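Structure first, then comments.
Nothing in this text is a laboratory measurement; each read-out follows from the coordinates by a stated rule. All values reported here derive from a predicted model rather than from experimental measurement. Here Cβ is always computed from backbone atoms with ideal geometry, including for glycine, and neighbour counts include all displayed protein chains.
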Amino acid sequence: PPAQFPENFVFGGATAAYQVEGETRTHGKGKVAWDDFLEAQGRFSPDPASDFYNQYPVDLELCEEFGINGIRLSIAWSRIFPNGIGEINPEGVQFYHDLFAECHKHHVEPFVTLHHFDTPLPLFEKGDFLNRETIDAFVDFATFCFKEYADQVTYWFTFNEIWADASNTYIEGTFPGGVKAHLAEAFQCEHNMMLAHAKAVLAFHNGGFKGKIGVIQSLEFKYPLNENDPADIKAANNEHVLQNQFLLDATFRGDYAPDTLECANRLAAVSGGTIEILDEDLEIMREAALYNDYLGVNNYQCRFLKAYDGENDLHHNGTGEKGTGRWRVKGIGEHVNKPGVPTTDWDWIIYPEGLFDLLVYIKQRYPNYKQIFITENGMGYKDPYKDGFVDDQPRIDYIEQHLRWLLKAMEVGVNVGGYFLWSLQDQFSWTNGYNKRYGFFYVDFETQKRTPKASAYWYKHVAQTRRLD
Ligand code: BGP
């Protein structure tokens, strides 16, 4: 049956500075850890990516033409403060003024993230968010942006995906500085980033800035493979706490519930560590919990888990060779797939119902959540470019199914304000490079020419009619 979206629903597309802008070492931009990391790895370069630094007027015109009325952008911290603190780069400051002005010219609302995996190098080298100095530097940077862009930006997010930052750095080891399976450091990173979020929210609130603020979490519903097996149930719950509940408790309670803490401390001990949570941190977080205007939810898949007690065995499928990914972590559990459930070439599970279960869980456990934006959802696909056109029907199916489950969640009372496809245009993927495409607009990375895919025409119809037929 046709399903209708509310009047003011945002039909968006998402980007992140480092994944689209290019110009990573020019125009006064300071370094981030990714620059040298990628160069040493030698697989792919973040330049020019989608050349958004120069092409943004083209992309925003496409947004307008295709009914996309919201765009997720991030401000590259090291474009503004090349060293993370201190000296300011006026060219970087001006770039974002121009970019936001162009958004408004095309009636595309910018939803702006302050940190998307790109801590400035000098701060990263001193321990990134494991070092509390980074927290204060981040709050200073955030406050600078609140003031500088007050007239142009209404919707702010502090961080993108605290879980992905923590787990890719300290568990899976695929991000710069990569450490494998250090659960205590992963939790510590999560806690410190949530404290930084809380401090930034209070700076925003106490500074009397207009507009709204929240954080983007990367959330996945966790199912035990065998729902009657207590060991599988425990594995699913372990990862649920590590990825979802620890961060959502910090966001909406401002502290950690006893069941969350019990699990977090138990898992941290597996890798021989503890988590430092100070009383004064919790005071700040509890106060900030009152002022989250919304939650950004990034959701691509769910997980099925099985108990696992062996040694750590992790392999990231960053090539798109189906079936090569492995995630077995001592103390947590093992990722498995449920027979019959489809996966992408990168082994990401396609299970749209998981989005519904996730949203209902948030509403039930955190009734003070106010509003949710789906800030990322989408499908990595090796898009076939043929005769000037890209038929990405599997992506259309993926989006449609997720939007249907989203509408069902809204029917049972979850307040969702908008949906952003990851990604607006094809872009650079951190650990996968350029063959994992996500966009509505196909990018020829040689010529930077954009070609709207079948999904762009489909989305345009949905956005214009605000319904799924
Ligand atoms: C999220 C990130 C994005 C983006 C996306 C797709 O975790 O916020 O930056 O990259 O996932 O992931 P990937 O590029 O690894 O396929």
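Things worth noting here:
- Label point distance in nm, Val341-His107, each placed 7 Å from Cα along Cα→Cβ: 4.1 nm
- With θ taken as phi - 60° and the Karplus curve 6.51 cos²θ - 1.76 cosθ + 1.60 applied, the whole-hertz 3J(HN,Hα) list for the range 116-130 is 10, 6, 10, 4, x, 3, x, 6, 4, 5, 8, x, 6, 7, 6 Hz, x standing for glycine and proline.
- Here the calculated FRET efficiency for Tyr291 and Glu125, from their Cβ-Cβ distance with R0 = 45 Å, stands at 0.90, rounded to the nearest 0.05.
- Amide N of the range 351-392 lying under 16 Å from the label point, which is placed 7 angstrom from the Cα of Leu314 along Cα→Cβ: none
- The protection proxy used here, the mean number of other Cβ atoms lying within 10 Å of each residue, ranks peptides 235-246, 284-295 as follows, highest first: 235-246, 284-295.
- The chain, relative contact order [Cα under 8 Å, separation at least 6], %: 17 percent
- Distant-in-sequence amide H partners of Thr113 (H built 1.01 Å from N, under 5 Å): Leu73, Ser74, Ile75, Phe157
- In this simple spin-label model, placing a label point 7 Å from the Cα along the Cα-to-Cβ direction at both Asn226 and Leu278 gives a separation of 4.7 nm.
- Here the residues Glu148, Glu334, ranked from fewest to most Cβ neighbours within 10 Å of their Cβ, fall in the order Glu148, Glu334.
- Rg/Rg_ref, the range 299-448, where Rg_ref = 2.2 N^0.38 Å and atoms are Cα: 1.17
- Those lysines that a straight Cα-Cα span of less than 29 Å connects to Lys436, excepting residues fewer than 8 apart in one chain: Lys29, Lys31, Lys180, Lys222, Lys306, Lys322, Lys338, Lys382, Lys386, Lys449, Lys453, Lys460
- Counting only lysines at least 8 places from Lys210 when in the same chain, those with an alpha carbon closer than 25 Å to its own are Lys105, Lys147, Lys199, Lys370.
- Simple Cβ-charge dipole of the range 13-161, Lys/Arg +1 and Asp/Glu -1, about Cα centre, in debye nearest 20: 280 debye
- Computed lengthening from Asn415 to Arg326, 0.36 nm per intervening residue step minus Cα-Cα distance: 28.5 nm
- Database remark: amide H of Arg467 closer than 5 angstrom to the amide H of Phe5 (H placed geometrically; neighbours at sequence offset of 5 or more, or on other chains; Pro and chain starts carry no H).
- Gyration tensor verdict on the chain (Cα atoms; rounded if a/c is under 1.5, prolate if a/b is larger than b/c, oblate otherwise): rounded
- Exposure proxy ranking, count of Cβ atoms within 10 Å, fewest first, for Ile350, Ile88, Ile171, Ile216: Ile88, Ile350, Ile171, Ile216
- Per-residue ellipticity at 222 nm computed for the chain from its helices equals -12500 deg cm²/dmol, with DSSP H segments shorter than 4 residues left out and the rest contributing -39,500 (n - 2.57).
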